[in-house]
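The values are calculated or read from the model by the stated rules, or taken from the named source; none is laboratory data. If you're wondering where the values come from, they're calculated on a predicted model, not measured in any experiment. In this analysis, Cβ positions are derived from the backbone assuming ideal geometry, glycine residues included, and neighbour counts consider all displayed protein chains. Protein only, heavy atoms only, side chains kept; ligands, DNA and RNA dropped before computing areas. Shrake-Rupley method; radii C 1.70, N 1.55, O 1.52, S 1.80 Å.
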Amino acid sequence: MNIELFDFDLPEELIAQTPLKNRSDSKLLTLNRRTGEIQHHRFRGIIDFLHKGDTLVLNDTKVLPARLIGQKKETEAKVEVLLLKQLDDNRWETLVKPGKRLRQGHEVVFGDGLLTGVIEDTTEVGGRIIRFHYQGIFNEILDQLGQMPLPPYIKEQLEDKDRYQTVYAKHLGSAAAPTAGLHFTKELLQQIEEKGVQIVYITLHVGLGTFRPVQTENIEEHHMHSEYYQLNEEAAKKLNEAKEEGRRIIAVGTTSVRTLETVVNKETERFEAKDGWTDIFIYPGYEFKAIDAMITNFHLPKSSLVMLVSAFAGRDTIMKAYQEAIDQHYRFFSFGDAMFIY
């Protein structure tokens, strides 16, 4: 399947640079994937599309303030380090900029020495393995020194770190936010529960690979990055009960979709409590076993996420919906508007 099938022209001014003042004020495009019918609402109106007995699945990962600005000890040259994956207590896989300045054995100083790191090795993709040295608790130091690792298409600095976290973020470990969840407020979630909708939390720590466009001309040749997930016994039990009783399972975000489709047994269609790494790649032709509907943002051209929603609703249907969103001046990407596909 050719990559060009998932390309579209997106005016740059539609790429949202900042979050709205009120999370649930964002626009909501609803798409009936069977009829192709499109409607326009505000996100807070999602409650009208949720039914008593539905199970709403939220990814409760929390974004690390993983962007560190420091200095190379020997020259005091400015360097930027982006934490990707914790390898053990003090060792991390990272991306560094400028890479040429940081070779094995070099030391980087952050926050006047509050945190230091030594380059131990390079990775296959040009990153660095860094061993950090500090006194105290690493996450507290990171919260003090780190910045949110905003996607490359967002040029403005975020004034409030919490706006790149969902209101239900709990488990620290993501390099990026599960952005479909950014539209929910605590009040809206309470109203949804009061309507009789069951909320289930799962965890998938989002990697930076989620922002990268697919590079191969034939999408089947693309290799997905791996991301860590966790589904506990309680969540699996609730999901299996919903399946058995024929109630809808609605995933919030492509991260929740990928996790659910990873942990569901394709033969029995039962959810299995487990944790591990997933590199599942969902594109047209994929047979969904876990979900009945999804809430998602609007994604980059040629990205694996556009392919995922195309697999769920059909490529032609998604491309028409995206063109409608562009015509109606919807905001795209991480701080943009939302879509409910049912």
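Residues checked against (1) in contact (Cβ under 8 Å) with a residue 60 or more places away in the chain; (2) among the small types (Gly, Ala, Ser):
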site: Leu29; (1), (2): yes, no
site: Gly36; (1), (2): yes, yes
site: Gly45; (1), (2): no, yes
site: Asp48; (1), (2): no, no
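List the strands (runs of 3 or more DSSP E) that sit entirely inside the range 1-62 and contain at least 2 residues that are under 21 Å from the mean Cα position of the chain (by Cα).
Once the strands (runs of 3 or more DSSP E) in the range 1-62 are filtered for at least 2 residues that are under 21 Å from the mean Cα position of the chain (by Cα), what remains is 27-31, 55-59.
Tell me which of these Tyr228 doesn't satisfy, since it passes every other one: (1) touching a helix residue (DSSP H, G or I) at 6+ places or on another chain (Cβ under 8 Å); (2) without any contact (Cβ under 8 Å) to a residue 60 or more places away in the chain; (3) of a type in the set (Phe, Trp, Tyr).
Status for Tyr228: all satisfied but (1).
For the range 244-294, how many residues are out of contact with any strand residue (DSSP E or B) (no Cβ under 7 Å at 6 or more places or on another chain), within 18 Å of Tyr201 (Cβ to Cβ) and surrounded by 15 or more Cβ atoms within 10 Å (Cβ to Cβ)?
So the count comes out to 1.
Considering only the range 218-230, state which residues are part of a strand (DSSP E or B) and either touching a Lys or Arg at 6+ places or on another chain (Cβ under 6 Å) or open to solvent by 20 Å² or more (accessible area, probe 1.4 Å) (or both).
Asn218, Tyr228, Gln230
Of the residues in the range 194-217, how many are farther than 15 Å from Asp60 by Cβ, outside any strand (DSSP E or B) and of a type outside the set (Ser, Thr, Tyr)?
12
Would you please list the contacts, defined by Cβ atoms under 6 Å and residues six or more apart or on different chains, that run from a residue in the range 320-342 that is over 15 Å from Leu305 (Cβ atoms) to a residue that is assigned to a helix (DSSP H, G or I)?
Phe340/Phe49
How many residues are among the acidic types (Asp, Glu) and part of a loop (DSSP other than H, G, I, E, B) when one looks only at the range 113-169?
4
How many of the residues in the range 114-142 are among the small types (Gly, Ala, Ser), loosely packed, with under 13 Cβ neighbours inside 10 Å and at pLDDT 95 or above?
So the count comes out to 0.
Among the residues of the range 314-337, count how many are of a type in the set (Val, Ile, Thr), open to solvent by 30 Å² or more (accessible area, probe 1.4 Å) and touching a Phe, Trp or Tyr at 6+ places or on another chain (Cβ under 9 Å).
Of the residues in that region, 0 qualify.
Return the residue satisfying two criteria in turn: it lies in the range 198-217 and is over 15 Å from the mean Cα position of the chain (by Cα), within 30 Å of Leu82 (Cβ to Cβ) and open to solvent by 20 Å² or more (accessible area, probe 1.4 Å), and of such residues it is modelled with the lowest pLDDT.
Gln215
To keep it simple, each residue is scored yes or no on (1) basic (Lys, Arg); (2) loosely packed, with under 14 Cβ neighbours inside 10 Å.
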{"position": "Asp48", "(1), (2)": "no, yes"}
{"position": "Gln71", "(1), (2)": "no, no"}
{"position": "Glu74", "(1), (2)": "no, yes"}
{"position": "Glu80", "(1), (2)": "no, no"}
{"position": "Lys85", "(1), (2)": "yes, no"}
{"position": "Asp89", "(1), (2)": "no, yes"}
{"position": "Val109", "(1), (2)": "no, no"}
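Just the residues that are assigned to a loop (DSSP other than H, G, I, E, B) and either open to solvent by less than 10 Å² (accessible area, probe 1.4 Å) or within 29 Å of Gly246 (Cβ to Cβ) (or both), please, taken from the range 295-307.
The one that is assigned to a loop (DSSP other than H, G, I, E, B) and either open to solvent by less than 10 Å² (accessible area, probe 1.4 Å) or within 29 Å of Gly246 (Cβ to Cβ) (or both): Phe298.
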